[in-house]
Structure formats: C-alpha cells, structure tokens
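Since the structure comes first, as structure tokens, the remarks are kept for the end.
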Amino acid sequence: MAYTTFAELAKERYSVRQFDSSKPVEAEKLAAILEAVTIAPTAANMQPQKVKVLQTPEELALADQISQCRYGAPLAFLICYDSSGTIKHSGLDAGVIDCSIITTHMMLEAWEQGLGSVWCLAFDPDKAREVLGLPQNIVPVAFLPVGYAAEGAAPHPFHTTSKPLADLLL
C-alpha cells in the first residue's frame, strides 16, 4: 500500500488481533520491516537494538511460551536492546526508548507492506530470556506479532476514539 501522507498511514493502521496463520509473510516484506530497524533513530545513534525474528514452527512455539497474545500470527519479533551499549541519563536507560521507536517504525512499515501487527504488552521478558537463551545484557522490551489480518479482523471499537488535543497538552 502506498500512502500519500504519513497521516493517512497512521490513521488507517490498527492493532490486528486476529491473523491468518495460513499465510506466511514473504521474505521481501520481512526484509522491509527489518530495514526499518536499521533506519530508526536511537539516542546518540548508539543503535543498541537486537531483534529476534520468530517464524519457524519451533520459534513460534517459543513465542507462545513468551506471550499468549500472538493471535495466530505467522511471524513475531522480540525487540530488545543491549544494555552495555546505551545512553543512561537521570536514571533512565535510552534503550527502552530506542526500542519503542524501533517497534513503532516496524509497525508502520508492516502496515505499508499490507501486513498487520500488534504491540503486545502482555509478554514475559524473563520467560523470553529463559527460552531464547538471552544473556543478561540483552533486555527484552517489546513483543510484536506480524502477519496478514484474518478475514473479519477489525479495529478495536475504541480505535478511532481520541481525546481532544487540548486535553493532551500541558
């Protein structure tokens, strides 16, 4: 899908919670999403991100141990950062922010590629570390299932509900 403006893409995109598990994500679409990982901005351009791609049946079984919210997606990403290579300031680790930016870029690129995604808060970082054998310096931040929306998939009823801008400004 080609969009004329960013606003069009951002308004159309929604969190898909029902995927067509029989339709795999093509290699070129996966490559486009992973390219978004490389061009996303990070603090001081440290690029601490580490992304685990989960797409084989064995990897997806591991993904299901990490989260119950894969929703049948044929592809999932675990977005992490290397804590030994991040900016830390005022008690904050920029790795969390960097991963948030990267995950957003991935979600938007997936939509541009005709794919849905859902950023799942409901995942277990400790279980991810255990089942994927991640070292301590690799910190899991986001779990992102991706794939083609199943027939009948629709945005959550609150998707188009927004607070007035005045309520969001300080």
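Go through the stretch 136-170 and count every residue that is of a type in the set (Phe, Trp, Tyr), at pLDDT 95 or above and part of a loop (DSSP other than H, G, I, E, B).
Final tally of qualifying residues: 1.
Just to be sure before I move on: is Ala76 touching a strand residue (DSSP E or B) at 6+ places or on another chain (Cβ under 6 Å), in contact (Cβ under 8 Å) with a residue 12 or more places away in the chain, under 30 Å from Glu12 (Cβ atoms) and in a strand (DSSP E or B) in the structure I sent? Steps first, answer last, please.
Numbers: touching a strand residue (DSSP E or B) at 6+ places or on another chain (Cβ under 6 Å): yes; in contact (Cβ under 8 Å) with a residue 12 or more places away in the chain: yes; under 30 Å from Glu12 (Cβ atoms): yes; in a strand (DSSP E or B): yes.
Yes, satisfied.
Could you list all residues from the stretch 103-125 that are without any contact (Cβ under 8 Å) to a residue 24 or more places away in the chain and not in a helix (DSSP H, G or I)?
Residue satisfying the conditions is Leu121 alone.
Can you tell me which residue is modelled with the lowest pLDDT among those in the stretch 1-41 that are crowded, with 17+ Cβ neighbours inside 10 Å and basic (Lys, Arg)?
Arg13
So if I check each of Ser83, Ser67, Ser100, which one is out of contact with any strand residue (DSSP E or B) (no Cβ under 6 Å at 6 or more places or on another chain) and either touching a residue at least 40 places away in the same chain (Cβ under 8 Å) or under 25 Å from Val25 (Cα atoms) (or both)?
On the way: Ser83 fails: out of contact with any strand residue (DSSP E or B) (no Cβ under 6 Å at 6 or more places or on another chain); Ser67 fails: out of contact with any strand residue (DSSP E or B) (no Cβ under 6 Å at 6 or more places or on another chain).
Ser100 is the lone residue from the list that is out of contact with any strand residue (DSSP E or B) (no Cβ under 6 Å at 6 or more places or on another chain) and either touching a residue at least 40 places away in the same chain (Cβ under 8 Å) or under 25 Å from Val25 (Cα atoms) (or both).
Quick one: would you say Lys88 is within 14 Å of the chain's Cα centre (by Cα) and among the basic types (Lys, Arg)?
Values: within 14 Å of the chain's Cα centre (by Cα): no; among the basic types (Lys, Arg): yes.
Criteria not met by Lys88.
Going by the conditions given, is Pro74 surrounded by fewer than 16 Cβ atoms within 10 Å (Cβ to Cβ) and at pLDDT 95 or above? Spell out how you get there, then give the answer.
Working: surrounded by fewer than 16 Cβ atoms within 10 Å (Cβ to Cβ): no; at pLDDT 95 or above: yes.
Spelling it out, it is not the case that Pro74 is surrounded by fewer than 16 Cβ atoms within 10 Å (Cβ to Cβ) and at pLDDT 95 or above.
State whether the residues of the stretch 79-90 include one that is in contact with a helix residue (DSSP H, G or I) (Cβ under 8 Å, 6 or more places away or on another chain), under 21 Å from Leu9 (Cβ atoms) and buried (at least 18 other Cβ atoms within 10 Å of the Cβ).
Within the stretch 79-90 (the criterion being in contact with a helix residue (DSSP H, G or I) (Cβ under 8 Å, 6 or more places away or on another chain), under 21 Å from Leu9 (Cβ atoms) and buried (at least 18 other Cβ atoms within 10 Å of the Cβ)), the answer is yes, since at least one residue qualifies.
The values are calculated or read from the model by the stated rules, or taken from the named source; none is laboratory data. As the structure is a computational prediction, the values presented were derived from the model and not from experiment. Heads up, the Cβs are rebuilt from the backbone with ideal geometry, glycines too, and the neighbour counts pull from every protein chain shown.
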